[in-house]
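First up is the structure itself, then whatever we jot down about it.
The values are calculated or read from the model by the stated rules, or taken from the named source; none is laboratory data. None of the values given here were measured: they were computed from a predicted structure. Backbone-built Cβ (ideal geometry, glycine too); neighbour counts: all protein chains shown.
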Protein chains: 4
Amino acid sequence: MNFASDNWAGAAGPIAKALAEQAGGFVPAYGTSDLDKKVEEKLSAIFERDVAYLPVATGTAANALALALAMKPGGIALAHEEAHVVQDECGAPELMMGAGRIETLEGACAKIDPSSLEKHLKRYDPPGLHHGRAVALSLTQATEAGTVYSTDEIAELAGQAGRLGLKVHLDGARFANALVHLKCTPAEITWKAGVDMVSFGGTKNGCWCAEALVLFDPAQRQEAEYLRKRTGQLISKQRFVSLQFQAYLDNDLWLDLANHANTMADRLRSGILASKNARLAWPSQANAVFAILSRHIAEKLQHEGARFHGRTAPSWLDGPIGEDETVFRLVTSFASKTQEIDRFVELLG
Amino acid sequence: MNFASDNWAGAAGPIAKALAEQAGGFVPAYGTSDLDKKVEEKLSAIFERDVAYLPVATGTAANALALALAMKPGGIALAHEEAHVVQDECGAPELMMGAGRIETLEGACAKIDPSSLEKHLKRYDPPGLHHGRAVALSLTQATEAGTVYSTDEIAELAGQAGRLGLKVHLDGARFANALVHLKCTPAEITWKAGVDMVSFGGTKNGCWCAEALVLFDPAQRQEAEYLRKRTGQLISKQRFVSLQFQAYLDNDLWLDLANHANTMADRLRSGILASKNARLAWPSQANAVFAILSRHIAEKLQHEGARFHGRTAPSWLDGPIGEDETVFRLVTSFASKTQEIDRFVELLG
Amino acid sequence: MNFASDNWAGAAGPIAKALAEQAGGFVPAYGTSDLDKKVEEKLSAIFERDVAYLPVATGTAANALALALAMKPGGIALAHEEAHVVQDECGAPELMMGAGRIETLEGACAKIDPSSLEKHLKRYDPPGLHHGRAVALSLTQATEAGTVYSTDEIAELAGQAGRLGLKVHLDGARFANALVHLKCTPAEITWKAGVDMVSFGGTKNGCWCAEALVLFDPAQRQEAEYLRKRTGQLISKQRFVSLQFQAYLDNDLWLDLANHANTMADRLRSGILASKNARLAWPSQANAVFAILSRHIAEKLQHEGARFHGRTAPSWLDGPIGEDETVFRLVTSFASKTQEIDRFVELLG
Amino acid sequence: MNFASDNWAGAAGPIAKALAEQAGGFVPAYGTSDLDKKVEEKLSAIFERDVAYLPVATGTAANALALALAMKPGGIALAHEEAHVVQDECGAPELMMGAGRIETLEGACAKIDPSSLEKHLKRYDPPGLHHGRAVALSLTQATEAGTVYSTDEIAELAGQAGRLGLKVHLDGARFANALVHLKCTPAEITWKAGVDMVSFGGTKNGCWCAEALVLFDPAQRQEAEYLRKRTGQLISKQRFVSLQFQAYLDNDLWLDLANHANTMADRLRSGILASKNARLAWPSQANAVFAILSRHIAEKLQHEGARFHGRTAPSWLDGPIGEDETVFRLVTSFASKTQEIDRFVELLG
């Protein structure tokens, strides 16, 4: 019953197998191998468009690189106040942006509200020497709250930003989980909706260490490569990242893994909905479930071996929380098992 | 006959096996697992001293992090003009240092000459608002020229630097190759000789992606962790890096791998010494061999399947190079085979 | 009738005179002259404590330098969402902080609300690798809304911040205006209330170019000097800045100038209060007056020669604004004249 | 007998007078006044081309801004090893460049040798992800050694750099001194010779605080303005800088001041040439004279009231220096007097 984080899960079988089987041999370093090119072609096919593929070591690096690429002096990136780039990256985007700023937006369920975006865009229309200029909008899909933007929602926000010349970035650490929920194509939810670049995450969904920035404008590749190298993110034996991505993308493994994680989350959500001892903090769609539990119940579950963490109640949370209640985050993954869910729900009562 | 780079080799068997066997299960992320702690303990045992162990994705990141840790405003790091931090990191150290400067030193065989260090240290003694202050000395062991500092040489340079309060960093991308050549202990060649921190590289010596900054003053861990996180180098499933290091360090695998690479290089050096068609550009001791070949011979060898690259002749090169000659770098690794060497030497004639 | 900005006014007579009279002669450069030392002593006397005095070219530079001095990797400075460091410095603090972040607080009348500070401090208690650490609180005195913190208010906020180890900075671009309003001593409103450093502004109050960072912990001087030099803010003929400060501080000229500006603002506030065609947007105490006017009235006044600018209504503004109304800022200075105020009030009707 | 630095001199009479006479009145801030525009027009006339004029507080800031404007990720600026940007700016250019690097070139008399430039340019031709890319060449005119590049020399170096796409920057802290020596036009020695931007210094030549970056491509103005603002270098009452430049440029005052300084230096050089107790360390042409004196003689002169400083002997110095000898720098300025020179020469014997 481990719902601590999808980062705690290991590597999916086919990915581990691919690495083990292709451990040997000599292959050009620094991303110049045939395998690296093949993964780029595979991603181009998946996104129905030529893309540039830039592996990095972490999702934080991918996000930071994306915002750095959009940066200009005095530039400001806009992101939801609960976004990973804001809450969990210790200033890495600001550093890679050359001391840029991230301005925070609001919106229920960790999704940016178009009116909040409008208000902030207005400040920078026109841009100016004193207040600066907005250069990027960063969306998280699926969000940190386990929610998923519809393609229309993405298109609306990207449209607002694009009209003022901002680049639109998608933090896709859980891109696959959003995708399988929406049942749309990767293209529809990205560039067709106005997205310019995606932090394409594999790690949380069954890889060991496979993150990449995917650019829909390959002409930006060279600048992105310089920026990547400058932060020590050009991995010498990059072929091993590409190997992971190859196994991840082949035969739709990535979608299967994400689908499993979401299904497990759905099962957990149903169990919580049916319980008298818990309620959903808010409806989520991807592989993170947020439940309000009394501390007493939470401790009981943890005592029985369940692993999960509490979090601060978000400002947009609808409805009251009792004094002895807390919002808990329960994350499923490709490695979650039906029995774990059922046992958790049974213990919950 | 692949002597292009030790970065082209894959993963050593026991390391690939360890990863494959321990791919599953739930393990705390971000370097907080028991395995991460065990590797730190193992490194402490190896170095005969409590160390802090900070895995990162690349050697560039380890180097940059080390120099960043030593940095102050107006700070200057000193390194050999052919050091990796100078020639091959595209300004990553400068970025992570918060816009610091690397000042270049000279010395034959890519080893810093004490008199060059003395001259540069003098500039910053005393430090000053206009010219700045020297804060770090970075040594490369083994060097980019395949040479190895003796412990006495390290001690002399570190002593000079330490007297003025500089932190001494060792770029140990090929630390194991230097170590097995010197037949000394890891402690003797590092902190006992005045070194404060080591970029401890595993990738070039048989890992996939295993680099770490090792600090001999664990009190600096916290600042180093913040600096690391800020460059997107805190790997979420860090256990997989630690797994590699565990297999790498267990049963002296790392020393065996390095020993093999060096032995192969020795064999290659002997072959070149005996050849009429080539000569050693300079004597080297670790797993990189530098030969002067005519372009004609080089092309013949490459045509027969040998992979290796030319490089600019260093300023300190003794003796003339013919007009149609070039210095070539031939790198052996754990994966090099006796037959490859012998075939190469045979073809060389 | 020029109320556009106190930056539009020239130099006060005694300051211009001092510069003209002491234009010649040879004086050590880069802040090492006797005059520079005398000003530091004068400031020490004024603040009843040994201070370090670091002249810079602009208020932006002083603020940025202050926050840079408090910075650590992953560090976050807290400031009101309407603070100059947030709204008007184009990311200069972030750059000088080495890519730090400023997190914005809320509060009516541009003064930080203790509950907002509490909420944000909580996020960083304890600090952490992912979310970062709070390192500084920046207060603006007088605020951008012309309001003034009482010494008790400063002490409360500084106390909250100090308990968690944050450095407390005061943006004193209009320090003199606040001081003469409060009728307290410079010490009472700064270090006695928990403030660690002050951007001590002279430019808006009758100097040409005289801004300085004043540190109450002179032990930080050396680091501050390196940081200052690194941003091109060590002025070679610094004696001319010190000359301005000398004339500014001698015989309480600075207080007289500020007192005049405030008195003019009071007169303007009274006139607006008595008018049927305008109302105060909020009560202010220093030399900036905020009035709500219809666009029709504003244009009439501007047509008659009055200079002043509109601004966005702040989020904390109490009470409605009509559709054709705007908040206008009217700034008085040492150079404002009673007749100008009276003429403006008369035209307002 | 003050030859310590041209930074020790005060302000020239007409400049002090202009400031005193125009101290009052209301004028738009932040460089938007008519006066600011007039100075830009005057500079455009002087340079026979439309220029953008960006005042900053210091020469260091102007240089740093220039290099920042040329910067790209992984970018490298080239400058003489004795240039001010290398020796005297404490890393300010690197900071403003967003952690760029300055690579040092060699050449006698502090002038870059074309062969040294050639060698360094070669490294970056083609540019690359690992070694980076050369983006700017910075020349100093007159140099730190008091020497002056001929227009042909500038053209040759700028041509080499321009062919590879580098921007060419001129550090003109003593531009006027070079100009009056060369007896050419400002255009001939700058853009007609391939220079893209000039740090146009007034401070050392009789202003108080008047430095500006002058761009020959005004299309870069906007980016430069953002960069300037970000380092706290947008001076609010910029009109006072423009006032100085106006007086400085009117009626060729700047040329007269520089001519006087150079003439004084010539007189000093002649005196030293004729002396048995001193010799010129090298021939210089502008307002800095370098003499080799025994410590005994130097102390005698200093005892008699002469102010001047020793400096390290440059690597390119031709001829031996006695064990008790030192190279001394003697700087003249607009404020130097014939009697001072003659008295010094007389004392020298």
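Which one is nearest to D:ALA68 (Cα to Cα), of the residues in the range C:210-241 that are among the small types (Gly, Ala, Ser) and more than 7 Å from every other protein chain (Cβ to nearest Cβ)?
Once the filter is applied, the top-ranked residue is C:ALA224.
Which of the residues belonging to the range B:114-138 are among the aliphatic types (A, V, I, L, M) and farther than 24 Å from B:THR190 by Cα?
Across the range B:114-138, the qualifying residue is only B:LEU129.
Scan (1) facing chain D (nearest Cβ under 7 Å); (2) surrounded by fewer than 24 Cβ atoms within 10 Å (Cβ to Cβ); (3) not hydroxyl-bearing (Ser, Thr, Tyr) for the single condition C:ALA11 breaks and write down its number.
(2)
What is the residue count in the range B:167-209 for residues that are within 14 Å of chain A (Cβ to nearest Cβ) and within 13 Å of the chain's Cα centre (by Cα)?
Counting residues in the range B:167-209 that are within 14 Å of chain A (Cβ to nearest Cβ) and within 13 Å of the chain's Cα centre (by Cα) gives 9.
Of (1) assigned to a loop (DSSP other than H, G, I, E, B); (2) modelled with pLDDT of 95 or more, A:GLY25 satisfies all except one. Which?
(2)
Would you confirm whether or not the range B:82-94 contains a residue that is of a type outside the set (Gly, Ala, Ser), at the interface with another protein chain (Cβ under 8 Å from one of its Cβ atoms), outside any loop (DSSP other than H, G, I, E, B) and buried (at least 24 other Cβ atoms within 10 Å of the Cβ)?
Yes - at least one qualifying residue is present in the range B:82-94.
Could you please find all residues in the range A:107-123 being more than 24 Å from C:CYS90 (Cβ to Cβ) and of a type in the set (Asp, Glu)?
Hit for the range A:107-123 is A:ASP113, nothing else.
For C:LYS183, indicate whether it is surrounded by fewer than 23 Cβ atoms within 10 Å (Cβ to Cβ), assigned by TED's automatic domain parsing to the domain that holds C:TYR248 and either modelled with pLDDT of 95 or more or on the phi > 0 side of the Ramachandran plot (or both).
yes
Please work out if A:GLY162 is among the small types (Gly, Ala, Ser), closer than 30 Å to C:GLN87 by Cα and without any contact (Cβ under 8 Å) to a residue 60 or more places away in the chain.
yes
Which one of C:THR32, C:THR104 is assigned to a strand (DSSP E or B), at negative phi and surrounded by fewer than 22 Cβ atoms within 10 Å (Cβ to Cβ)?
Going through C:THR32, C:THR104 in turn, the sole match is C:THR104.
Which of (1) under 22 Å from the mean Cα position of the chain (by Cα); (2) assigned to a helix (DSSP H, G or I) does D:VAL327 not meet, given it meets every other one?
(2)
Among (1) at pLDDT 95 or above; (2) within 7 Å of another protein chain (Cβ to nearest Cβ); (3) touching a helix residue (DSSP H, G or I) at 6+ places or on another chain (Cβ under 7 Å), where does B:LEU19 come up short?
(1)
Of all residues in the range B:293-318, which are under 22 Å from B:GLU106 (Cα atoms), of a type in the set (A, V, I, L, M, F, W, C) and surrounded by 17 or more Cβ atoms within 10 Å (Cβ to Cβ)?
B:LEU317
In the list A:TYR149, A:TYR124, which residue meets the criterion of being of a type in the set (Phe, Trp, Tyr) and away from chain C (no Cβ under 14 Å)?
So the residue among A:TYR149, A:TYR124 that is of a type in the set (Phe, Trp, Tyr) and away from chain C (no Cβ under 14 Å) is A:TYR149.
Against the conditions (1) surrounded by fewer than 22 Cβ atoms within 10 Å (Cβ to Cβ); (2) assigned to a strand (DSSP E or B), where does A:SER115 fall short? Just the number, please.
Failed condition: (2).
A:TRP282 fails exactly one of the following numbered conditions: (1) in contact with a Cys (Cβ under 7 Å, 6 or more places away or on another chain); (2) at pLDDT below 95. What is the number of that condition?
Only one criterion in (1) in contact with a Cys (Cβ under 7 Å, 6 or more places away or on another chain); (2) at pLDDT below 95 is unmet by A:TRP282, namely (2).
Out of B:ASP34, B:ASP50, I need the residue that is touching a Ser or Thr at 6+ places or on another chain (Cβ under 8 Å), acidic (Asp, Glu), at pLDDT 95 or above and assigned by TED's automatic domain parsing to the domain that holds B:ALA247. Which one?
Checking each option against the conditions leaves just B:ASP50.
Please verify whether the range D:316-338 includes one or more residues that are at pLDDT 95 or above, of a type in the set (A, V, I, L, M, F, W, C) and within 30 Å of D:ALA29 (Cα to Cα).
The answer is no, given that none of the residues of the range D:316-338 is at pLDDT 95 or above, of a type in the set (A, V, I, L, M, F, W, C) and within 30 Å of D:ALA29 (Cα to Cα).
Under the condition of being hydroxyl-bearing (Ser, Thr, Tyr) and touching a residue at least 24 places away in the same chain (Cβ under 8 Å), which residue from the range B:104-130 is nearest to B:ALA142 (Cα to Cα)?
The extreme case among them is B:THR104.
Among the residues of the range C:200-232, what is the count of those that are among the aromatic types (Phe, Trp, Tyr) and surrounded by 24 or more Cβ atoms within 10 Å (Cβ to Cβ)?
Matching residues across the range C:200-232 total 2.
Go through D:LYS204, D:LYS237 for me and flag whichever is within 19 Å of D:TYR30 (Cα to Cα), touching a residue at least 40 places away in the same chain (Cβ under 8 Å) and not hydroxyl-bearing (Ser, Thr, Tyr).
Exactly one residue qualifies, and that residue is D:LYS237.
How many residues does the range C:35-58 hold that are crowded, with 21+ Cβ neighbours inside 10 Å, of a type outside the set (S, T, N, Q) and within 14 Å of chain D (Cβ to nearest Cβ)?
Counting residues in the range C:35-58 that are crowded, with 21+ Cβ neighbours inside 10 Å, of a type outside the set (S, T, N, Q) and within 14 Å of chain D (Cβ to nearest Cβ) gives 5.
Of the conditions (1) outside any loop (DSSP other than H, G, I, E, B); (2) of a type outside the set (D, E, K, R); (3) more than 7 Å from chain C (Cβ to nearest Cβ); (4) buried (at least 24 other Cβ atoms within 10 Å of the Cβ), D:ALA61 fails just one. Which one is it?
All conditions pass for D:ALA61, except number (3).
Have a look at C:LYS276, C:LYS300 and point out the one that is in a loop (DSSP other than H, G, I, E, B) and either closer than 22 Å to C:ASN7 by Cα or among the basic types (Lys, Arg) (or both).
Sole residue among the options that is in a loop (DSSP other than H, G, I, E, B) and either closer than 22 Å to C:ASN7 by Cα or among the basic types (Lys, Arg) (or both): C:LYS276.
State all residues of the range D:303-319 that are not in a strand (DSSP E or B) and not small (Gly, Ala, Ser); if no residue qualifies, say none.
The answer is D:HIS303, D:GLU304, D:PHE308, D:THR312, D:PRO314, D:TRP316, D:LEU317, D:ASP318.
Of the residues C:LEU157, C:LEU139, which single one is closer than 30 Å to C:HIS309 by Cβ and in a helix (DSSP H, G or I)?
After applying the criteria, what remains is C:LEU157.
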